1. Could you calculate the contour length gain from S195 to D80, that is, 0.36 nm times the residue separation minus the distance between their Cα atoms, to one decimal place in nm?
2. Please tell me the relative contact order of the range 231-287 in percent, rounded to the nearest whole number, where contacts are Cα pairs under 8 Å and at least six residues apart.
3. Can you list, bin by bin at 10 Å, the percent of alpha carbon pairs in the range 32-95, starting at 0?
4. So what is the relative contact order of the chain, in percent, for Cα pairs below 8 Å that sit 6 or more residues apart?
5. Could you list, bin by bin from short to long, the percent of Cα-Cα pairs of the range 54-133 in 10 Å steps?
6. Under 5 Å between amide H atoms, partner at least 5 residues away or on a different chain: which partners does F67 have, H built in plane at 1.01 Å?
7. Once you sort the root eigenvalues of the Cα gyration tensor of the range 172-217 as a ≥ b ≥ c, which label holds: rounded (a/c under 1.5), prolate (a/b larger than b/c) or oblate (the other case)?
8. Once phi is turned into θ = phi - 60°, what whole-Hz ³J(HN,Hα) does the Karplus curve with 6.51, -1.76 and 1.60 give for every residue of the range 72-89, x standing for Gly and Pro?
Amino acid sequence: MKLFIGFVPLAFLWLASCNRSEKPKEAETKDTGSTFRTDTVQLRNFEEELQFTGQVSFDQKKVDKVFPIVSGNVLEVKADLGAYVKKGQVLATLQSGDISDFLKDQNTAKANFDIAKRNADNVEQLYKTKFSSENDLVNARKQLEIASSELERSNQVLKLYGGTGSGKQPIFTVKAPENGYVVEKNVNADMQIRSDNSDALFTISDLTDVWVLVNIYEPDIQAVKQGAQVNITTLAYPDKVFTGSISNISQVIDNDSKVLQARVVLPNPGGLLKPDMFCNVKLHIEKPEKLLAVNPISVIFSKDSYFVIKEVKAGEYKTVPVEILKNTSKFMYVKGALQHGDKVVTEGALMLFSELTNN
């Protein structure tokens, strides 16, 4: 009986012990090892991010424009838009009445030269046999010199205006003045061209440098300064960022679009950037205000709130609610139980957040 009585308290003690060893509520932190990437919380000056649209253009200081210098009908166009051409290459041919006049002048000058040459030769022979005076010889040579000069002038005019010089077909040839790409083309076969046309037939640029023309609306004009660095992306290369600085800001607002244009000059190795490409342009402006900044991919949105995963120590993490104060593509500026130098999880943050909040 005593054994039994003695056993009862022991049983109660054993049951109480079992109750006390019941699994406690898990802490907010979870030891997951060190398989997650982290980034450092920074206390930094707030950077305002302005975004603009833009367009790639050829460098207008490094172009050659080819204007029509004769009137006529376009027979053939031998260079398409975007084609690479070499200096002296024929771009187009025209049948021109102006060339007919130049050919006529050349033929007349050549006939006069031939006559003057024969006359000078005859007078020289007569002078040698004493049948002509020295004065006749001097005059004949003078006439030959004049005819020669006129023939040379007509040849140079024909050459200058791109004539064939064949004396048969009044053809004007348009040639490339330098190596480069045809970035503008305003001519097609069978077009009638006038020499007083103000539009260039072709515009040629080497595209080693290009311009990005940035559209700035009036509310942002004060924030944009010459020399400011910008990041530029294109639809063609969405993962590639082109970095440049604003080299010029126009002083005139376009009357139709109501934008002010700023210019960024970019090197263009490999010719990736093409004229008329659409661009997105981002300008970061540093403000004196200091805020806590985190990598945007470290911020998690859940149940109408924002969180980051803070690394308490190696392999131990906890969720920290934060308030988003400012947001840019580079940083999220936040307010919460964080301080400069803390580590927050970036890659794997969503999976870790799910583990921490489900247990």
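1. Values: separation 115, 0.36 × 115 = 41.40 nm, distance 2.17 nm.
Gain in length upon complete extension: 39.2 nm.
2. Details: 60 pairs, mean separation 22.2, N = 57.
39 percent.
3. Whole-percent P(r) values from 0 Å outward: 11, 24, 17, 11, 11, 12, 10, 3, 0.
4. 27
5. Values per bin, smallest distances first: 13, 23, 20, 15, 12, 10, 5, 1, 0.
6. The answer is L201.
7. On the way: a/c = 3.09, a/b = 1.62, b/c = 1.90.
In terms of gyration-tensor shape, oblate.
8. x, 9, 6, 7, 7, 10, 10, 9, 8, 4, x, 6, 8, 10, 10, 3, x, 5
Readers should treat all values here as calculations from the given coordinates under stated rules, not as data from a laboratory. Note that the structure is predicted; figures quoted are calculated from it, not measured. In this analysis, Cβ positions are derived from the backbone assuming ideal geometry, glycine residues included, and neighbour counts consider all displayed protein chains.
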